[in-house]
Amino acid sequence: MFDRPTVKKTRDKIQAVLDILSKELGCQIKVGRASFARDGSNCTFKVECAIMSADGTVETKEVTAFRKMASLYGLSPNDLGKVFTNAGEKFTISGLKPKANKYPILATRSDGKGFKFPVDMVKLALAAAAA
């Protein structure tokens, strides 16, 4: 039966196998959202694949969106990968979610955890880091 804990355990096991395949193929393959039937009879996982660029950056749709649309937000495509500080912690810009109105900028903390930020806050933090 598929319930929340079973789906999480299944996702973790699928991701472990996909990590091996990712290394073999030179790309990133990640298990995303999951849904399961109320009666627990089945579940569905979303799987995303992304190529790696020559510099080792994974070309996710969020990375591609940042490179294409950063200027619309008053940022530079070169800001991708830049580090800024927020609340005493350092974050690295990792992408853009254009459909997210309030928090479209994606960033990763040093422990690998992802966060979302408003554009104005990131622009101020980048300006402060450059000064």
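The values are calculated or read from the model by the stated rules, or taken from the named source; none is laboratory data. The model shown is predicted, which means the values in this text are computed figures rather than measured ones. Note that each Cβ is placed from the backbone with ideal geometry, even for glycine, and that neighbours are counted across all protein chains shown. With ligands, DNA and RNA removed, areas are computed over all heavy atoms of the protein, side chains included. Shrake-Rupley method; radii C 1.70, N 1.55, O 1.52, S 1.80 Å.
How much of the accessible area of the chain, probe 1.4 Å, is carbon plus sulfur, in whole percent?
Looking at the chain in its full context, I get 56 percent from C and S.
Skip the ligands, DNA and RNA, and give the accessible area per residue of the chain with a 1.4 Å probe, whole Å².
68 Å²
Treat each spin label as a single point 7 Å out from the Cα along the C-beta direction, and report the MET69 to GLU48 distance in nm.
Rounded to a tenth, the inter-label distance reads 1.3 nm.
Using a Förster radius of 25 Å, what is the FRET efficiency between LYS61 and GLN15 based on their Cβ-Cβ separation? Nearest 0.05, please.
Step by step, r from the Cβ atoms, then E = 0.85.
Between LEU25 and TYR103, what FRET efficiency follows from the Cβ-Cβ distance if R0 is 25 Å, with the result rounded to 0.05?
0.20
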